[in-house]
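First comes the structure, then the notes that go with it.
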Amino acid sequence: MGSNKGVGLPTLPEEVIVWFRARFEEANRSVTENLINNPNARETTLDDALLAPLQKRQAPVAFPSGVVVQMSVHNTGGLRRLYRWEVADIAVLVAVSRGGVLQGQKIGALQAKRLYPRNNDVLDDDPEGFKYGLNAFIFPDPASALAKMRTTFEFDDSCRYGALPSADEQVETIAKFTQEFGAAVSYLFYNPADVPDTMHFPSTAYRTLVDPPPLGARVVDAKDVHAVLAGLDKGQTPTLGEIRDSTCEHRRLEDWAEELLRCRVGVPFDRSMDQTVERLIVRRSGPIGAVIAFSIALPGGD
């Protein structure tokens, strides 16, 4: 594991942690609801669904304790359809200050992978189609909707994370990055609310999630996922059952977010690691599609 000298976050009031956790619980429900209603959605579409409820919460929030929190969401959107993101799709940054003095920073990066239905019917990112632009909407295929009639999407433990082949270049890149920088990267698995589940096209009703999904979006440390991949043949993809039955600790998305604030996951960083952090999130051509940044100002220190 990489050795970094960043200072971890100070102990935060529980009201801040509860608020932070609630935001990611909303995100989990949003992306999972999108998946169960659009079972062949692109991963990029699911990324947007995760970010959507967070983007509505970007106004500063003041707590009774005097703490002020502001969340900023920056989504570069479609670039990942044109370029290959090598390390992660979403970075979560937390910076804590007191009296204008920085007290600590943490980063956690999430590489998203969606669960494929048994028929493997998932919309793939198409670089040529992306460069073609909006013409596909202006001149649509008149048979496109009819082509999806009577399609069934089944999800169970035998379904695979179809874009996560073993011995893949991306897997190797993530492993090298974590060796250099530390355990900052985890995999974010987009799953249905629970399995087994079946969806049909054409849809007759929209499915709304009110409670947190029993399965939904789950986060697993990169090293644990790579241990599962190491037991597979080259190019083989892991199933939901293989991930769940392994020794991997698979956290709910909101659990992972809470543990980031409690300094149990992610990596602290400071100015001495600016070059590595810049490689990850600053450059527009870099390997991150979206950044969720939390600025937490503690009272006192004036």
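Throughout, read-outs are computed from the coordinates displayed, never taken from laboratory work. These numbers come from a predicted model, not from an experiment. No Cβ is skipped: glycine too gets one built from the backbone with ideal geometry, and neighbour counts run over all protein chains shown.
The table below gives the values:
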{"item": "Chain lengthening between His200 and His226 when straightened (0.36 nm per residue, less Cα-Cα)", "result": "6.0 nm"}
{"item": "Cα shape, region 195-274, gyration tensor, a/c 1.5 rule", "result": "oblate"}
{"item": "Per-pair calculated FRET efficiency, R0 = 45 Å: Lys234 and Ala62 via Cβ, rounded to 0.05", "result": "0.25"}
{"item": "For region 180-219: rounded, prolate or oblate by the Cα gyration tensor [a/c cutoff 1.5]", "result": "prolate"}
{"item": "Ordering of 223-229, 34-40 by burial proxy (mean other Cβ atoms within 10 Å per residue, highest first)", "result": "34-40, 223-229"}
{"item": "Environment charge of Ala167, counting only residues whose C-beta is closer than 12 Å and scoring Lys/Arg +1, Asp/Glu -1", "result": "-3"}
{"item": "Flagged links, alpha-carbon separation over 30 Å, of Lys56/Lys176; Lys106/Lys176; Lys106/Lys223", "result": "Lys56/Lys176"}
{"item": "Debye equation applied to the C-alpha atoms of region 154-205, log10 I(q)/I(0) at 0.15, 0.17 Å⁻¹", "result": "-0.63, -0.72"}
